[in-house]
Every structure is written in C-alpha cells, then in structure tokens.
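The values are calculated or read from the model by the stated rules, or taken from the named source; none is laboratory data. Please read all numbers here as calculations on a predicted model, not as lab measurements. Backbone-built Cβ (ideal geometry, glycine too); neighbour counts: all protein chains shown. When the accessible area is computed, the model is the full protein with side chains, heavy atoms only, and any ligands, DNA or RNA have been set aside. Shrake-Rupley method; radii C 1.70, N 1.55, O 1.52, S 1.80 Å.
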Amino acid sequence: MLDILRRIVQEVSAASDLNAALQVVVARIREAMQTEVCSVYLFDPEVKQYVLMATEGLKQTAVGRVKLSSSQGLVGLVGAREEPLNIDNAPAHPKFHFLSETGEDPFLSFLGVPIIHHKRLMGVMVVQQRESRQFDESEEAFLVTMSAQLAGVIAHAEATGDILDLPSSNKASRKKNARFNGAPGAPGVGLGHAYVITPAADLSAVVDKAPDSIDDELQRFDDALAGAREEIKKLGGQLEGELRPEEMALFDVYLNMLDDNALGAEVKNHIRDGNWAQGALRQVVMEYVGHFQKMEDVYLRERATDIRDLGTRILAHLQGNEDETSAEDIPDDAILVSEELTPSMLGEVPAEKLRGLVSVKGSSNSHVAILARAMGIPTIMGVVDVPYAQLQGLELIVDGYRGLLYSSPNDELREEYQAIYHEEQLLQQDLLELKDLPAETLDGHRIPLWVNTGLVTDALRSLDRGAEGVGLYRTEVPFMMKDRFPSESEQQKTYRLQLETFAPAPVTMRTLDVGGDKALTYFPINEANPFLGWRGIRVTLDHPEIFLVQVRAMLKASEGLNNLRIMLPMISHTNEVDEALHLIYRAHAEVREEGFEVEMPDVGVMIEVPAAVYQIKELAQRVDFLSVGSNDLTQYLLAVDRNNPRVAGLYQAFHPAVLTALKQIADGAREQGTPVSVCGELAGNPLGAVLLMAMGYDLLSMNATNLPKVKSVIRGISQQWAQELLAEVMQMDSAPIIVATIQLSLEKAGFSRIIGPQGSSH
Ligand code: PEP
Ligand code: MG
C-alpha cells in the first residue's frame, strides 16, 4: 500500500493542473483498491454544494453536472460528520439520494471519506462497489491517507488561481477567492500584488553534485570569487573611518582568505575531484567553520562566523542572487510574501509601495510581526498552507484583523475589502485630532502613553501620534539590520538620534535582546530550545565587551540631554541585575573619565519571566523602574512558543493566569513604591489597556499605530468603569469569554469603530 501511495502522490504532484490531478487520483485509487467506482466531489462553500469533479466508474457526462446540497445524500453526510462512512448497502441507508445522471443504482457498498485541509472541508472522496461488502480497515486507512494528500493539492491549486470555476457557479466568469488561514500579525487590510522574497543563500542547504563540465565549474567559481572580492572591497570602502583599525583589518583578512592560494585553492581541488562549485564551496567552508569552532581562544572561535559569512557571499554569487532587487520589479501595491519574514526584508520594499506582509512561518508574537504593527502594515503570520513561491505577481488581499489571505479575489470581495480599507483611513484621520490631548479618563485619571520603537521611521510616526516618551526602544533592531556588530561610535550616532528626537521626553533603551526568534546573521545561535536558551541578558552578561560598548554608546549619546533610561531584558535571577548594574556603573565611570558630562540614568528591569513575578519585591528594590514584557511573560506562563503557528491558538494574552500575574506585579511594585509599566503588545490593545490601567499600571508603552486608539478609549471611559470591568473579568476562567466580555462592554460604550472587526484582539 505504501508503495502505491508514494507512486500516486508523485504522479499527482507532477500533474499539470487540478483537473489532471483529480483524474489521476480517481483512476489510480480505483485500480489500487480494485473497486468499480472512485469519485471526488468538491465542496463550494459559497453556494454550499458538492460538485462531482472527477470519477472513474460513473458516467463521465455526470462530471460537473451532479450537484448535492451540503445535507444531501451520503456524500453530504460524510461532509457534515467529517468522518468516514463505510456501509455495505448504500441504497438502504435513509440518507441515500438517488442520482440518475451517474447511473449509480447498482452499487451497494460505499466508502466515503472527507477531504479536510487544516480544519476546512474541501470535499468528499468516494469508492463504490457493486457487490455488498464492507471495505476493510486497511482500505479505509488508505483512502483517508489519500484524501489528506489530495487536500494539500487542492489547497495549492486554490492559491495559484488554478482551481476551476466549480460548475455549480452559474456565472461562468466568476473566479474563486482562494482563502488561507494564518494568524493576525498586524491589523488592517491590504490590497495589492504579491512580491515574493526568497531567503538569502543558505550554505548548509547545498547538496553535492557531479558537474557537467569541470572547466565550466572552475570558471563559475572564479567569477563568483571575483564578485565577492569586489563586494568586500566596496563594503570596506564605505566603512572606512567608521571602524576602528582592528575592525578594518578584518576586511584584509577576508580578502586574503579569498586568495587563490587559500580557501579558493581548496575549493578548486574539490571541483577537480568531481563536485560542482557550490558543493565544493560548502565542503571547504564547513570544514573551516568546524575547525575554528573547536578552538579554545574566543577570538578565533568567533572567526568561524566570518568564514561562514564569506562562504555565503560567494554562494550568493554562484547562485546568481547577488543582484540587488531593482525598484522597478516591485509592484506599486506590493504585498511582501516570504517563507520567513525578517526585519531586514521589511527594508527591501520602499514604504510607499508596501501594502501588506505575509509570512509562512512565525506567529502574531514573532518580532517581525511586532515591527509590522509599529509600521502599521497589515500582516498575516503563519500561513502554513500557502504555496508562497507560486504567488509572485498574483492579486492578494491581506486581512490582518482575522489573519486571512485571499488570492485572485473576485470583484465582490475586492469591493468589500476596499470599503473596509477606506473606513480605516477615515478612522486614522479622525484619531489624529487627539494628538495633543492627554490620555485622561472621564473621572480625571491620567495615564501616560509611551511608544515602542526600533526602526528609524518609528520615531517620526510616534511624535505625529502624540507619544509622551519611549517605553521600549528595541536596540536589537538596528543590530539586525547590519551584517556585523555596529561599532561604539555607530551605536552612539543611532542612539543620539533617538534621544534627540524625543528630548526632553524620556527614552527607555533596552540592552541588546537577541536569541529566541531574534537572530543576528553575524552571530548565529543554534539551539534546540532558543526561547529557553541563550537570550537577552544571558548573552550580554556572557559577553561583557558587547554590553559595555552598548552602554557606553548609550551614555555618551545622552550627553546634554539626560533623558536616557536603561532597561534589562530577560531577567530571571537577581544576580543578573546586580552584575548588569555593576557593568553600567563601570561604563558610566569610564565615560565620565573620557570627559563626557553624563548623569547616571535610571535603570529598570523587564518582568517577562515567571520567576521575576515571584521576586517582584527583590527586583523592585534594586532598580528605578519595572516594565512588564507581556509578550514573553505570556509565552513562558502558558508554555507556548510565541513563534510557533501550530500552538498560536494556545497563546492567549487574556488567559486568567496571565491576568492574575499582571495584577500581582502591579500590586507588588506599588508596595515597594517602584513605578511599573507594560511595554508588551497587550498595552497597545485597547482591550488590554483598559484592564492594565484598572490594575494600577503607571504608564503604558505601545506601537505608534495603536496609540491613538488606546487614547481614544481611555478618554471615553472612567477609571471606575474600568475597575468594575476588571473585577468582573478577574472572576472568569476562560480567555475567550474574558475577551468577549471586554469587547462587548467597549462596544456598548460606543467603541465598535476603534476595536475594529472581530478577531483582532485575541
Ligand atoms: C515582551 O516580551 O513583551 C517585550 C516587550 O519584548 P519583546 O517582544 O521584544 O521580546
Ligand atoms: Mg521580551
């Protein structure tokens, strides 16, 4: 059976279109199961009908003509129950529906299985036989397996617009709206055309292969070497004066390594031994990397990264990926699609052309989604079914509220979404009027609204929207945009810009928070459980040189402004705070010795690990302020990887356990007299902001896009109203009920327009 299955799957995958694929399926299954009939009925959700799409054994004239309503016949029963039906006398079944067009009356045995793709019913597959018998277990299992395979094929066909008009549609011109489910990444709707970005060259993915011509491969490799050499010279030239001499020396090291007598010669030997250039390159680079990684000396060990980087550059030339994408290739209404979006990809499309983002991997809480929210770009994460590589140029609609992606929409759907888009623009326009008004409730409770930043553009957008300070500047974002660690003076310039933009308002700079789903290409961390591994403060305390350079850059940047606050991420032990404080004092002393007139900034700790909740007193006593990272706190409390689309449904920001922890933090901080804020995404969700204000948080920090919405809600309610709502939901034991309760209360209070379509506050 397994062999047959594999053969059918191969044949189906090679089929030119959906019709051909369905035909292969029914023919091969009938043959394999030695039955008389095999048919596929597809379900058209728009008209709620099954249509016979392919058959072997029934009359071919029935294909496209036979239709069943969703509750009709045995097919309807299989679909409704979403489980197989295996009976030996179909006509005797009360649900049996006689279809004269199919010539089906003589068939007694019937086995039908639903075709389901990620919880969505796509159709029903049926085998039938004249003689009365029950299909055995292995036959049933075979058909179930086939139908699961077929579901994927149908979903693919839908995405690429290949799905035929189901004949149930009377209007021949009507096109299907292929729909894919993901998680809401950033709210809003985007209409445009797909622009697919493929990942950078990946050395470890290169296979070995015998070359057609050794000479051609040698030539190809020489060309790639020359290309990489040029690139490095150019890069070195650009950075001249920005880097210290010892850092500049690295470029010479690179160039030397590319020399014909070094790495190049070894690769050529491997090519002559019969591997193609890409394979030979991988072999040599990986050998070097392995060799360096084993070295005792930390400096030499880190050179492994340089060699890998160099190898990747050469590989990009070999694969022809080195060209910068030219602006003309990008549609004016681009929806950026990628298997895994990264922050640096966001920069590849000019902002004025960017309408939406789609990522196959990741979930709402991935960092790239957080950046997208800050930029106000509708985004869908974790659209696992979408055959992204085939979407290039297709018309798409991104529904960032519900996490839905549509390809090749029909006129009706397009118009519906255009209307939502216009409504949104109007709302944003109206909200701008709140810019200079305070976030104050009807009964006079004032709660400052600060902003989270990271990208350069965030700062300007924040001021436009009336931010009163920066509650979280994610310094890792500028680090992620580079292809090496930024130097102290580079960092100083970047930080100065932030501090100046907001001065005299405070700017809270978080020390480098990499690891987890935030990777630096030039500092790879490979771990089985990255969110439980080397992350945030754990990395920087192990690398005091990185930490000290960063803190020194922050301090120097604040000279004359004195609006800097420093915040430490991922604290799970008090000694981490002590150690970090010690380094900050040291950096402060050094900087002052160098002649910079800077005051010691306020230092705070992020509460984002459950252990920190239980040590709130000890932590509060050590620092000037606390700030809750509710994104990580939720992930760690619920044991749900914030980046994994498979468990995204379990990531509930309003889980009663999360709310209880948040309340406990606010109470604990108040007891110690230490100011406490929230800078996780919950603070920027109007539903969450209301609860947090009621819990007594001193300030909320959020993305610039949501700030006016939160302000509008706060100005329209009283603190007492919020506290009553909080008391009510703290009695509840289920996140969806809590969300529904807050949503309903806010709708009743007149905020439907602000909350937006259902599904945006999960
Ligand atoms: C958080 O964890 O809530 C947070 C604000 O930090 P980040 O999302 O960058 O991990
Ligand atoms: Mg965090």
Hey, Val647 under 31 Å from the mean Cα position of the chain (by Cα), surrounded by 24 or more Cβ atoms within 10 Å (Cβ to Cβ) and either assigned to a loop (DSSP other than H, G, I, E, B) or not assigned by TED's automatic domain parsing to the domain that holds Thr508 (or both) or not | no
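Which of the following residues is surrounded by fewer than 21 Cβ atoms within 10 Å (Cβ to Cβ), within 26 Å of the chain's Cα centre (by Cα) and in the same structural domain as Ala653 (by TED's automatic domain parsing): Ala740, Ala727, Ala749?
Just a single option satisfies the conditions, and that option is Ala740.
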Are any of the residues in region 658-667 within 16 Å of ligand 1 (Cβ to nearest atom), buried (at least 23 other Cβ atoms within 10 Å of the Cβ) and not in a helix (DSSP H, G or I)?
-> no
For Ala620, which of the numbered conditions (1) open to solvent by less than 20 Å² (accessible area, probe 1.4 Å); (2) within 16 Å of ligand 1 (Cβ to nearest atom); (3) not assigned by TED's automatic domain parsing to the domain that holds Arg552 fails to hold?
-> (2)
Among the candidates Ser572, Ser558, which residue alone is farther than 23 Å from Arg484 by Cα and either surrounded by 24 or more Cβ atoms within 10 Å (Cβ to Cβ) or more than 16 Å from ligand 1 (Cβ to nearest atom) (or both)?
-> Ser558
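Residue-wise test of (1) closer than 22 Å to Gln149 by Cα; (2) open to solvent by 60 Å² or more (accessible area, probe 1.4 Å).
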| residue | (1), (2) |
| --- | --- |
| Arg6 | yes, yes |
| Glu56 | yes, no |
| Gln60 | no, yes |
| Pro94 | no, yes |
| His97 | no, yes |
Could you list all residues from region 484-519 that are on the phi > 0 side of the Ramachandran plot and either of a type in the set (Val, Ile, Thr) or in contact with a Ser or Thr (Cβ under 6 Å, 6 or more places away or on another chain) (or both)?
-> none
Kindly indicate whether Val605 is buried (at least 18 other Cβ atoms within 10 Å of the Cβ), more than 26 Å from the chain's Cα centre (by Cα) and within 14 Å of ligand 2 (Cβ to nearest atom).
-> yes
Evaluate the following for Arg538: is it under 18 Å from Tyr636 (Cβ atoms), of a type in the set (Lys, Arg) and touching a helix residue (DSSP H, G or I) at 6+ places or on another chain (Cβ under 9 Å)?
-> yes
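Residue by residue, here is whether (1) of a type in the set (Ser, Thr, Tyr); (2) open to solvent by less than 40 Å² (accessible area, probe 1.4 Å); (3) within 21 Å of the chain's Cα centre (by Cα); (4) more than 24 Å from Asp602 (Cα to Cα) holds:
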| position | (1), (2), (3), (4) |
| --- | --- |
| Arg461 | no, no, no, yes |
| Asp464 | no, no, no, yes |
| Tyr473 | yes, yes, yes, no |
| Arg510 | no, yes, no, no |
| Val514 | no, yes, yes, no |
| Lys518 | no, yes, yes, yes |
Could you please find all residues in region 506-557 being in contact (Cβ under 8 Å) with a residue 60 or more places away in the chain and hydroxyl-bearing (Ser, Thr, Tyr)?
-> Thr508, Thr511, Thr521, Tyr522
Filtering region 335-383 down to residues that are part of a strand (DSSP E or B) and among the basic types (Lys, Arg) yields Arg355
Among (1) under 29 Å from the mean Cα position of the chain (by Cα); (2) modelled with pLDDT of 95 or more; (3) away from ligand 2 (no atom under 16 Å from the Cβ), where does Leu682 come up short?
-> (3)
